[in-house]
Amino acid sequence: MKKILKWIKRILISIIGLIIVLMIGLYVTFFFWKKDAISDLPKNSLVIDTDKGQVEYTLTGNSDKYMLFVHGSPGSVFVEESKPFVDKGFTVLAISRPGYYKTPLTSGETPREQAALYKSLLNELKIDSIYVNGLSGGGPSSIQFALDYPERTAGLILRAAVSEKIVMENSEKGLVDSFFETEFGTWLGIQIAITQVDDETTKRINYVIKRGMFPRELSNEGYKNDNNQFAVLKDFPLEKITVPTIILHGNKDDNVPFSFAQNASKRIPNATLFEMKGKDHFVFITSYRDTINNEIIRFVDNIETNKK
């Protein structure tokens, strides 16, 4: 019996040793991955002073038809791929929302303050009217912009957008949960998850996390502020939105409920709901995004045609 226990002890020690070696190896991999992610961040963004504060942005294209990309939570000016829209005749204005990357949180904490910041940026860039394209956590400030500045909003595009109060679960976290909330744990969890998706989606996920999630110190303030704002979000007077609106949302979204899209489409006058059957919150980083982009471009083309 003693010999058996001794062998069990040796086996357990060996297993623990292997786990430790594996974790050290993974952390070294993460360390260099993060280092590369930081060095590979594009250097083409600009920071401009407005009367509402500083904001980081990029402007791509030469058209007088503009689209503003308002990223989710987390995110940055670098997350969105502007090329599909530039190729279709848009000039794309991308931003880092307050608290993310080089835009300080002091430039606007609430959706109304952030919307005012966007307007000030448009003033500085001498842009009269723009299509506002808000993704997920970028929804509240996009909606607020359309409400406060309809004369500057050519159209409103809401992609899996937060449009109602949403409270993050605050249940007791165990050791495993706490680990996966660390920067290394988050990276490791994503690496495990992408083993279940195709190569194209893996490539897109890596693109997004390198440009909008790491390093965490560039997005922590913004992410924390978003969660605080979403928890106390007041009911938007959606009936007062007067601009053309399209809402794109997966009916299997576990992050931002599909009911948000259903409610918004009923309350916003003449809004179009594009229901993505069987799709979840991360549909925008899959190959299905081509279908989504085509739907958005079709929406804009209809507006432009009706202007003539």
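Return the residues of the stretch 210-219 that are closer than 23 Å to Val256 by Cβ and free of Cβ contacts under 8 Å to residues at least 24 places away in the same chain; say none if nothing qualifies.
Selection gives nothing.
Report, by residue number, each residue of the stretch 273-294 that is more than 19 Å from the chain's Cα centre (by Cα) and in a helix (DSSP H, G or I).
Matches in the stretch 273-294: Asn294 only.
Please indicate, with yes or no, whether at least one residue in the stretch 251-266 is outside any helix (DSSP H, G or I), modelled with pLDDT of 95 or more, polar (S, T, N, Q) and open to solvent by 60 Å² or more (accessible area, probe 1.4 Å).
no
Just to be sure I understand, how many residues within the stretch 195-216 are charged (D, E, K, R) and either closer than 19 Å to Pro74 by Cβ or outside any helix (DSSP H, G or I) (or both)?
Of the residues in that region, 5 qualify.
Here is a yes/no grid of residues against (1) more than 18 Å from the chain's Cα centre (by Cα); (2) of a type in the set (Val, Ile, Thr):
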| position | (1), (2) |
| --- | --- |
| Thr103 | no, yes |
| Gln114 | no, no |
| Gly134 | no, no |
| Gly185 | yes, no |
| Leu188 | yes, no |
| Asp199 | yes, no |
| Lys210 | no, no |
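Take the stretch 249-282 and flag every residue that is of a type in the set (A, V, I, L, M) and within 21 Å of Leu68 (Cβ to Cβ).
Within the stretch 249-282, Val256, Ala261, Ala264, Ile268, Ala271 meet the criteria.
If you scan the stretch 1-44, which residues turn out to be more than 21 Å from Thr182 (Cβ to Cβ), among the polar types (S, T, N, Q) and modelled with pLDDT of 80 or more?
Correct list: Ser39, Asn44.
If you take just the helices (runs of 4 or more DSSP H) that sit entirely in the stretch 60-179, which of them hold at least 2 residues that are in contact with a strand residue (DSSP E or B) (Cβ under 7 Å, 6 or more places away or on another chain) and open to solvent by less than 10 Å² (accessible area, probe 1.4 Å)?
In the stretch 60-179, the matching helices (runs of 4 or more DSSP H) lie at 111-125, 139-148.
The values are calculated or read from the model by the stated rules, or taken from the named source; none is laboratory data. Here the structure is a predicted model, which means the values were calculated and not measured. For neighbour counting, all protein chains shown are included, and Cβ atoms are generated from backbone atoms with ideal geometry for every residue, glycine included. Note: areas computed on protein heavy atoms with side chains; ligands, DNA, RNA excluded. Shrake-Rupley method; radii C 1.70, N 1.55, O 1.52, S 1.80 Å.
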